[in-house]
Structure formats: C-alpha cells, structure tokens
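The values are calculated or read from the model by the stated rules, or taken from the named source; none is laboratory data. Since the model is a prediction, treat every value here as computed from it, not as a measurement. Virtual Cβ from ideal backbone geometry, glycine too; neighbours counted across all protein chains shown.
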Amino acid sequence: MKRAGHSPSVVVLLARCAKRKEPFGVRLERRDRAWFATWAFRTRAASAAREGYGATVAEGGLDLDASYPGCPWCEATTLVQCPCDKVSCAVPNAMTTTCGHCGKTARIEGYITRVTAGDDR
C-alpha cells in the first residue's frame, strides 16, 4: 500500500527499439533530482499496459547509469525522446534518429527532463 503523496523511487519506462520497432522496458532509479536508467528488458505492449508502464510522470533529468546495458533488441546505448513524447533507443553520437513509435526522423538535441513511466512493483 502506498502512502499519500509518496513518489516511487524506481519506475519502468516503456521505450521502443528504433531499428526493430519492438517495445522494451527501461528501469529508472531516482537519485536526488535525476532518474538513472539502470536496466532494460524485452517486453510486449500488452504486458506493458497490464503492468502500468505509463501511469507515472517521472520529472527530472534522465541519465544513463554506467551499468545500463542498452536496448535489449539492438544493443544501442542511447535513449532519445521524440517530439511525440515517446522514448526510443538510438545509436550513440548520431545526429538524427527515427522514432520507434511514430516513425518520425528528427535531429537529436537537448536533454530528456520528463517521461511517463510506471511503478516497478
């Protein structure tokens, strides 16, 4: 049972592989005012919906922990957020990428500061 006003310290973000368009979960751990991606795993859209990945807004910077293994589908080690607000993997140091959710190609710039995730129960 959760306390009123309690913010989770670990959540799961639903992302999508930019190459294969397959969904994957990213475990985010809250440290001070930032969220760190610490682990990634393959999932299916139906499982992610059932688990509630997308029920919590995680505000604060998003960074990659040194232990983050990358996308479980293609091993890309960067996460990017499309203007559609969804997160996908991306090849490190790429100038542009194509969103694994909406298919839009966009320039990579700026930092992720807010994502929608779900509790890691």
Expected output for the stretch 32-60 (first residue modelled with pLDDT of 85 or more, partner assigned to a helix (DSSP H, G or I) and surrounded by 17 or more Cβ atoms within 10 Å (Cβ to Cβ), Cβ below 9 Å, 6+ apart or cross-chain) is Thr43/Glu51
Filtering strands (runs of 3 or more DSSP E) wholly in the stretch 69-121 for at least 3 residues that are in contact (Cβ under 8 Å) with a residue 40 or more places away in the chain, out of contact with any Cys (no Cβ under 9 Å at 6 or more places or on another chain) and not acidic (Asp, Glu) gives 114-119
In the stretch 102-119, anything in contact with a Lys or Arg (Cβ under 9 Å, 6 or more places away or on another chain) and either on the phi > 0 side of the Ramachandran plot or modelled with pLDDT of 90 or more (or both) is listed as Cys102, Gly103
Scanning the stretch 34-49 for residues that are touching a Lys or Arg at 6+ places or on another chain (Cβ under 8 Å) and of a type in the set (Ser, Thr, Tyr) gives Thr38
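Being among the β-branched types (Val, Ile, Thr) and out of contact with any strand residue (DSSP E or B) (no Cβ under 6 Å at 6 or more places or on another chain) is true for just one of Thr77, Thr38, Thr96. Which residue is that?
On the way: Thr38 fails: out of contact with any strand residue (DSSP E or B) (no Cβ under 6 Å at 6 or more places or on another chain); Thr96 fails: out of contact with any strand residue (DSSP E or B) (no Cβ under 6 Å at 6 or more places or on another chain).
Checking each option against the conditions leaves just Thr77.
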